[in-house]
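Data block below; observations after.
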Amino acid sequence: MKNLKNRYFNKFAATLLLLVISLNSCTGDLEKLPTNIETNNDQFATVDGYKQALASAFGNLVYSPFLRNFWKMQEHTTDMAVSTWNVDSDRTFHNFEYSADTPAITYVYESALQTITLANNFIIESDPGTVSERGFSGADADDIAQFQAEVKFLRAYCYWVLMDLYGNPPHPTETDLGGGFPEQIQRADLFNWIEAELTGIEGALADPRTNERGRADKAAAWALLSRLYLNAEVYIGTARYDDAANYASKVINAGYALEQNYQWLMLGDNELNTNEFIWTINYESMFETWDGTNFLTVGPCGVTAEVTGSVSSWSMYRFTQQIADLFPTTTATNWDDDKRAMFWTDGQQLEVEVLNDATHGYGGYKYRNVKRDGSRMPQNNTYGNLSDIDFPVFRLAEVYLTYAEAVLRGGNGNRADALMYVNFIRGRAYDNNPSSTLGNITDAELTLDFILDERARELYWEAQRRTDLIRFDKLTTGDYLWAWKGGVKEGRPVDAKYKLFPIPTSDYLANPNLEQIDGF
């Protein structure tokens, strides 16, 4: 029954997005949302109608260019990926030459704001007074109240994305629809708003691990809060490591566990990973989108169709040698000890000597559209080669590492627990068993530098690296150089302004309330 419910939720997301996908998401056009009361009353006449609208809001992250371009912004600006292609000016990220006209910067900005607009409309339609006027009461009204809490979580997540990437974005809420240009919000104020929003909805969300796939529950809110607090010193200039550890503990104590096999995490049937996954962006091959995990499956250089479970590599991106060097080797290309090192070396060289040569730098096969048993996923689309892999926005391993880092930085918690959680991750990495002692480190080895490297080993290509390097003050400085950082082979420091992305030109010119980031 749960799989049927999941398909039901996804099907409505697909159907309803056809109605809203043409919505212009620039903040100057918020008044373009449909405001016909009769149409809205028809849409929201039943609980199923509300659920359809909920699915539409969550589904916008699936059907928009969000994930592909968010990934580029988080990984191409770091040691995680160099781009062979220069489609949409991708190489400007690695070179730190991007501008307010770089397409990916606009795509993510608009996708996040479009999702926020859908969420704002849902919040208006699920106001308790409106719900009561439409004749809902009892369990039906309770369901709609939970839906509203979930869409508020989604909105908070999108605002976290905007805060992390752009610093001071526009801040439309449910009170602004049809009201012209929204005001810009300062990063510290947005931090406080996100915090209040998430703590305010906690009681209305489903208990951890009780909701449908792709929907939010209490643990999703806790995971986002733990990430928010871990980066608070960057966002607001004040450390919140006590809170980061506390909210990580809430997730850890909610009944999650690491999956036994790291290589199961990003497969076509990874909806089975309910032990570890907290909140996911869901993909099905029938949705026919190239912008989600399909890009992560066939984008890496060199990987064959037999491995991807789809088609041969698009030869788009590779690792820098600095990432490969984080994994121990007994011979030049033997990472058998750490099973997370899924590097593709056939036809590839380690060193990135030439930026636009697809054979310079190893590829990777972390994302594969196959089942756990190795068989290919069935294709329910006209192309025959699209991805069914869900993208885990939050999973337990990240939360373990958040707890460990927060404790090392002086936050509440137990150092022995931090070491235990890290060794669970490494036990799985070395022995497909979180309880194994293979790969374990000692207390003396548990340092902040180790945590940064372990996050790279565990979370590579999961759109985390830029945020991590900023937190450790290594993204723009000369403290850490990687191949082609700043557009030179040996790497170089770059202007600190590149810790943020500029407001896209289109919106900056349209909305008189916006001020551009210094230097852009």
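Laboratory data are not the source of any read-out in this text; all were calculated from the coordinates shown. Owing to the predicted nature of the structure, the values given are computational and were not obtained by experimental measurement. Here Cβ is always computed from backbone atoms with ideal geometry, including for glycine, and neighbour counts include all displayed protein chains.
A compact table of results
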quantity	calculated
Approximate spin-label separation ASP48-LYS339, in nm, with each point projected 7 Å along Cα-to-Cβ	4.4
Principal-axis tilt of helix 103-125 within the chain, Cα atoms, nearest 10 degrees	40
Estimated FRET transfer efficiency when R0 is 45 angstrom, pair LEU326-PHE520 (beta carbons, to 0.05)	0.90
Relative packing of 467-476, 235-244, which averages over residues the other C-beta atoms within 10 Å, highest first	467-476, 235-244
Around GLN349: net Lys/Arg minus Asp/Glu count, Cβ-Cβ under 15 Å	-3
Dipole of the chain [Lys/Arg +1, Asp/Glu -1 at C-beta], most positive-end residue of THR77, ALA188, ALA145	THR77
Other-chain or far-sequence residues with amide H under 5 Å of ARG372's (modelled H)	ASP269
Euclidean distance between Cα centres, the stretch 408-430 to the stretch 242-283, Å	16
Net charge over other residues, Cβ less than 12 angstrom from the Cβ of PHE501 (K, R count +1; D, E count -1)	+2
Amide H partners (placed H, <5 Å) of ILE278, local residues excluded	PHE394, ARG395, LEU396
Directionally averaged projected area (convex hull, Cα atoms, the stretch 98-237), nm²	9.7
Formal net charge of residues neighbouring VAL422 (Cβ-Cβ distance under 14 Å; K, R +1; D, E -1)	-4
Per-bin percent of Cα-Cα distances, the chain [20 Å]	23, 59, 18, 0
Over the stretch 283-389: Kirkwood hydrodynamic radius from C-alpha pairwise inverse distances, Å	14.4
Listed pairs LYS366/LYS474; LYS250/LYS485; LYS371/LYS485; LYS72/LYS489; LYS250/LYS339 exceeding 31 Å between Cα atoms	LYS250/LYS485; LYS371/LYS485
Pairwise label distance in nanometres, GLU97 with ARG372, each label 7 Å out on the Cα-Cβ vector	4.7
Relative contact order %, the chain, counting alpha carbon pairs below 8 Å whose residues are six or more apart	19
FRET efficiency, 1/(1 + (r/R0)^6) with R0 35 Å, evaluated for THR477 and LEU509 via beta carbons	0.60
